[in-house]
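This report refers to the structure that appears directly beneath it.
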Amino acid sequence: MVHGVIVEERADSLRAIERFEGNREEARSRLYETACAHKFADGLQQRRREVFRVDDDTYYVEIKGGLGRYRLRYYLAERVWSTEAP
């Protein structure tokens, strides 16, 4: 069982997109879906989106929008420690 989060990295900012519990395959499937479809900004007029797999847990995404080009990285982060009781 994986306790993790999908993280979006853009320029110099990180943001947790989704927290989840599940097996590794489910987590990777959710990551892929996020990389292909996540709308990172309200009002974004996406004209083109390219998704590249860096490794099984990371995707690099280039989006051409109405006002410019955006480069993002989506990856899985697995929780390895917490003060929360299991």
Exercise for review: Working carefully through the options T83, T34, find the one that is among the hydroxyl-bearing types (S, T, Y), at pLDDT 95 or above and closer than 25 Å to M1 by Cβ.
Suggested key: T34
Practice item. Enumerate the pairs (first residue in the range 40-58 and among the polar types (S, T, N, Q); second residue anywhere and exposed (fewer than 11 other Cβ atoms within 10 Å of the Cβ) and at pLDDT below 95) with beta-carbon separation below 9 Å, excluding pairs fewer than 6 apart on the same chain, so at least 6 apart or on different chains. Key: Q45/G66; Q45/L67; Q46/K39; Q46/G66
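The values are calculated or read from the model by the stated rules, or taken from the named source; none is laboratory data. Keep in mind the model is a prediction, meaning the values are calculated, not measured. When we count neighbours, we look across all protein chains shown, and the Cβ atoms used for this are built from the backbone with ideal geometry, even at glycine.
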